[in-house]
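Take a look at the structure below.
The values are calculated or read from the model by the stated rules, or taken from the named source; none is laboratory data. Every value quoted in this text rests on a predicted model; they were computed, and no experiment measured them. Cβ sites come from the backbone with ideal geometry, for glycine too, and all protein chains shown count toward neighbours.
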Amino acid sequence: MNLKEKTNNMLNFYGIRAKKKFGQNFLVDENIIDKTIEMSDIHSDDVIIEIGPGLGNLTEKLLDKSELVIAFEIDEDMINILEDRFKNRNNFILINKDILKVNINDILKQNNISLDSVKLIANLPYYITTPIMFKIFEESCYIKSMTIMVQKEVADRIISKPKSKDYGMLTINTEYYGEAIKLFDVPNTSFLPSPKVTSSIIKICLVKRYDAKNEEIFFKLIKASFAQRRKKLINSIENSNVLSIKKEDLKKILDKNNIPDTARAEELTIKQYINIANEIAGI
């Protein structure tokens, strides 16, 4: 019996179906799961955080490879299945909470988890991919890497380069907190039910490589810059309610950094944005 058949049997046994409101598409391709596990570089002493385990097809392999899996699942129906499926596993912690409403660092400490090697591996719910990523970047200082499945178009945005149509807020936020590579694409036939989009596996090593003097100003600058990306950068920032700076002051800063006032948001590198933010912080 292959994994797709096994998944169908499980759904029929419990009398449930995938829920659109939770963005559920169950991964049923064992080769994709094995490849993801292999490229995640899991060691036997690693603590794995999984978001949205669903029926537990990926979870089962994670439990075999790691010291502990902490899974966050919001769907009560999935909770019942996961509790049944892994009731004999002593390296599994299941938390029935919305990942966006918990403090991951607190949960790790409350459970006396070793913080030396924590990794996140998950097939993320596509409708909240970006909020989850930003949350991990900003709050979870103990996570060493993220190996996540996202929509291919999101993956393209994450790894894009300046002057490309995909380059934007998500690209710069990711680059600020880590280094991302796309591992491989996943066809929609690997899921039950099949989504209408192709997916990709992305790995992000969370090593902070940049340091803005005032991170609040830096991230406000990024948000303002891409608020109207078709406009010139200087106009987009001026028209935004996110960042308060006089146009003449901004022009001076751009001139100082050899950035023409005709430049658009997608043309600047992260280092240029940091330089601008640092200048604004000094005003």
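Which residue, of Thr189, Thr198, is more than 19 Å from the chain's Cα centre (by Cα) and more than 19 Å from Thr269 (Cα to Cα)?
Of the residues listed, the single one that is more than 19 Å from the chain's Cα centre (by Cα) and more than 19 Å from Thr269 (Cα to Cα) is Thr189.
Here is a yes/no grid of residues against (1) buried (at least 20 other Cβ atoms within 10 Å of the Cβ); (2) polar (S, T, N, Q):
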position: Glu60; (1), (2): no, no
position: Ser66; (1), (2): yes, yes
position: Glu76; (1), (2): no, no
position: Ile79; (1), (2): no, no
position: Lys87; (1), (2): no, no
position: Asp98; (1), (2): no, no
position: Ser114; (1), (2): no, yes
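Residues checked against (1) within 12 Å of the chain's Cα centre (by Cα); (2) surrounded by fewer than 17 Cβ atoms within 10 Å (Cβ to Cβ); (3) at pLDDT 95 or above:
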site	(1), (2), (3)
Ala122	yes, no, yes
Glu138	yes, yes, no
Cys141	no, yes, no
Val150	yes, no, yes
Glu153	no, yes, yes
Asp156	no, no, yes
Ile159	no, no, yes
Pro162	no, yes, yes
Asp166	no, yes, yes
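Quick one: in segment 246-282, which of the residues that are in a loop (DSSP other than H, G, I, E, B) and touching a helix residue (DSSP H, G or I) at 6+ places or on another chain (Cβ under 6 Å) is modelled with the lowest pLDDT?
Asp261
Is it the case, given these coordinates, that Ala71 is within 15 Å of the chain's Cα centre (by Cα) and either on the phi > 0 side of the Ramachandran plot or not basic (Lys, Arg) (or both)?
For Ala71, the condition - within 15 Å of the chain's Cα centre (by Cα) and either on the phi > 0 side of the Ramachandran plot or not basic (Lys, Arg) (or both) - is not met.
Please indicate, with yes or no, whether at least one residue in segment 176-184 is surrounded by fewer than 19 Cβ atoms within 10 Å (Cβ to Cβ), touching a strand residue (DSSP E or B) at 6+ places or on another chain (Cβ under 8 Å), in a strand (DSSP E or B) and of a type in the set (Val, Ile, Thr).
Yes, some residue in segment 176-184 is surrounded by fewer than 19 Cβ atoms within 10 Å (Cβ to Cβ), touching a strand residue (DSSP E or B) at 6+ places or on another chain (Cβ under 8 Å), in a strand (DSSP E or B) and of a type in the set (Val, Ile, Thr).
If you check Lys220, Lys247, which single one turns out to be surrounded by fewer than 18 Cβ atoms within 10 Å (Cβ to Cβ), over 30 Å from Ile37 (Cβ atoms) and of a type in the set (Lys, Arg)?
Testing whether each residue is surrounded by fewer than 18 Cβ atoms within 10 Å (Cβ to Cβ), over 30 Å from Ile37 (Cβ atoms) and of a type in the set (Lys, Arg) leaves just Lys247.
Check Phe13 against each of (1) out of contact with any Ser or Thr (no Cβ under 8 Å at 6 or more places or on another chain); (2) of a type in the set (Phe, Trp, Tyr); (3) crowded, with 22+ Cβ neighbours inside 10 Å and name the one condition it does not meet.
(3)
For residues in segment 79-112 being over 22 Å from the mean Cα position of the chain (by Cα) and of a type in the set (A, V, I, L, M), which is nearest to Phe13 (Cα to Cα)?
Ile81
Please determine, by comparing only the residues of segment 250-272 that are in contact (Cβ under 8 Å) with a residue 40 or more places away in the chain and among the charged types (D, E, K, R), which one is surrounded by the most Cβ atoms within 10 Å (Cβ to Cβ).
Among them, the one singled out is Glu266.
Taking segment 21-41 as the region of interest, how many residues are under 20 Å from the mean Cα position of the chain (by Cα) and surrounded by fewer than 18 Cβ atoms within 10 Å (Cβ to Cβ)? Steps first, please.
Filtering segment 21-41 down to residues under 20 Å from the mean Cα position of the chain (by Cα) leaves 21-27, 32-33, 35-41.
Remaining after also requiring surrounded by fewer than 18 Cβ atoms within 10 Å (Cβ to Cβ): 21-23, 35, 38-39, 41.
The total comes to 7.
Go through segment 107-147 residue by residue and tally those that are under 18 Å from Leu170 (Cα atoms), part of a helix (DSSP H, G or I) and aliphatic (A, V, I, L, M).
4
Which condition number in (1) crowded, with 17+ Cβ neighbours inside 10 Å; (2) modelled with pLDDT under 95; (3) aliphatic (A, V, I, L, M) is the one that Val207 fails?
(1)
Quick one: would you say Val197 is part of a strand (DSSP E or B), of a type in the set (Val, Ile, Thr) and either in the same structural domain as Ser40 (by TED's automatic domain parsing) or surrounded by 17 or more Cβ atoms within 10 Å (Cβ to Cβ) (or both)?
So Val197 fails the test.
Could you pull out the residue among Phe92, Phe134 that is without any contact (Cβ under 8 Å) to a residue 40 or more places away in the chain and surrounded by 20 or more Cβ atoms within 10 Å (Cβ to Cβ)?
On inspection, the qualifying residue turns out to be Phe92.
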